[in-house]
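Dumping the structure here so I can ask a few things about it.
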Amino acid sequence: MRGSLRRKFREISIYQGYVHGIVVLSLVITVLIIVPIHSFILLNASASIRVRPTAMGGLDMFFLNFTSFFLSLTLIFAVATYSEELLSGGVTLALSHPISRTSYVLSWMLASLVTTTLIYFLSILIPLLIINPSLVEALKFREIFLKILEIFELGSLLFLISSIFRGRGKAIIVGLILYYFLPMISLFAISITLVPPHQRATPLLRVMLAFYPSYRTMLPINSSPWPATVLIALASWGLTLLYAKYRMEVRS
């Protein structure tokens with residue numbers, strides 16, 4: 001058992017270099033865009049707080065509504081690259097080496113989901129600690145955490161779907177629907193079904209918050225949505241790895 005785990009870990013660690021080499025361009029572009037933006041807005045926020053301690057200058061909303069857009073785009077295109085490799089036959093070449101299907105898929109999940117999300121988080125944390133660590137108390141890290149968790153969870157779901165329905169175009173379309181169109185449609189559906197005392201919309205609200213926890217401040221519900229979001233992400237990872245092990249067909 002221990003030897004098997006050690007072998008699988010070695011497989012994943014070796015293949016990580018190959019996968020990161022494929023997605024490195026999108027990661028570099030993301031870093032070059034978001035780090036200067038985060039640094040600039042943190043500098044402005046630091047100056048504002050020196051003048052008026054309660055001033056944040058829209059920092060939280062900036063993080064949530066602008067720079068996270070680049071994170072979601074990076075995830076979509078990374079998963080689309082993986083899905084295209086499944087369709088084009090690149091996976092056949094990879095699996096001709098001593099690596100299992102689950103190790104292959106897990107390597108892609110780590111590179112496209114974990115690495116990208118971690119880079120985004122560090123692009124906030126490192127400039128924050130360098131410029132003004134006291135901003136940690138002013139930032140609403142709960143809202144930032146929910147947004148990052150939401151993007152990671154939707155990326156995990158997108159990865160599962162893209163493993164089954166392969167192709168770059170399909171992955172991009174599904175990603176755009178999950179990240180941008182479905183929230184708007186859900187908010188519209190809630191707005192037309194929400195009637196006092198909000199009983200009719202409660203199930204829909206809870207379902208939407210499970211997938212989109214960062215929208216909790218916009219919706220009339222006080223529950224904490226992130227545990228359900230974590231469960232969706234974990235379920236997506238588990239189902240993806242099970243599909244890779246038992247159902248994934250390799251096409252040449």
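The values are calculated or read from the model by the stated rules, or taken from the named source; none is laboratory data. Only a predicted model underlies this, so the values are computations on that prediction, with no experimental measurement involved. Quick reminder, even Gly has a Cβ in these numbers, built from the backbone with ideal geometry, and neighbours come from all protein chains shown.
Can you tell me which residue within region 120-162, out of those that are of a type in the set (K, R) and outside any loop (DSSP other than H, G, I, E, B), is farthest from L241 (Cα to Cα)?
So the first thing to find is which residues in region 120-162 are of a type in the set (K, R), and the list is 140, 142, 147.
Those still in the list that are outside any loop (DSSP other than H, G, I, E, B) too: 142, 147.
Working: R142: 30, K147: 25 Å.
Checked region 120-162; the qualifying residue farthest from L241 (Cα to Cα) is R142.
Report the residue count in region 56-98 for those that are at pLDDT 85 or above and more than 18 Å from G175 (Cβ to Cβ). Working first, answer last.
Applying the first criterion (at pLDDT 85 or above) to region 56-98 yields 68-84.
Still in the running and more than 18 Å from G175 (Cβ to Cβ): none.
Summing the residues that are at pLDDT 85 or above and more than 18 Å from G175 (Cβ to Cβ) in region 56-98 gives 0.
Test of understanding: among L125, L157, L149, which residue is under 25 Å from P225 (Cβ atoms) and in contact with a Pro (Cβ under 9 Å, 6 or more places away or on another chain)?
Result: L149 is the single residue among L125, L157, L149 that is under 25 Å from P225 (Cβ atoms) and in contact with a Pro (Cβ under 9 Å, 6 or more places away or on another chain).
Which of the residues belonging to region 176-204 are more than 17 Å from L160 (Cβ to Cβ) and at pLDDT 80 or above? Steps first, please.
From region 176-204, those more than 17 Å from L160 (Cβ to Cβ) are 180-181, 183-204; that's our starting set.
Once the filter is applied, which keeps residues that are more than 17 Å from L160 (Cβ to Cβ) and at pLDDT 80 or above, region 176-204 yields Y180, F181, P183, M184, I185, S186, L187, F188.
Ok, one more. Given (1) touching a helix residue (DSSP H, G or I) at 6+ places or on another chain (Cβ under 7 Å); (2) at pLDDT below 85, identify the lone condition not met by F40.
Against the list (1) touching a helix residue (DSSP H, G or I) at 6+ places or on another chain (Cβ under 7 Å); (2) at pLDDT below 85, F40 comes up short only on (1).
For region 99-142, what are the residues that are surrounded by fewer than 17 Cβ atoms within 10 Å (Cβ to Cβ), within 30 Å of R166 (Cβ to Cβ) and modelled with pLDDT under 90?
Across region 99-142, the qualifying residues are S100, F121.
Oh, and also: Check region 162-175 and report whether any residue there is farther than 22 Å from L87 by Cα, at pLDDT 85 or above and either surrounded by fewer than 22 Cβ atoms within 10 Å (Cβ to Cβ) or not hydrophobic (A, V, I, L, M, F, W, C) (or both). Break it down stepwise before answering.
Taking region 162-175 as the starting set, the residues that turn out to be farther than 22 Å from L87 by Cα are none.
So far as region 162-175 goes, no, none of its residues is farther than 22 Å from L87 by Cα, at pLDDT 85 or above and either surrounded by fewer than 22 Cβ atoms within 10 Å (Cβ to Cβ) or not hydrophobic (A, V, I, L, M, F, W, C) (or both).
Which one is farthest from S107 (Cα to Cα), of the residues in region 16-31 that are more than 17 Å from the chain's Cα centre (by Cα) and crowded, with 16+ Cβ neighbours inside 10 Å?
Checking each candidate, the answer is I22.
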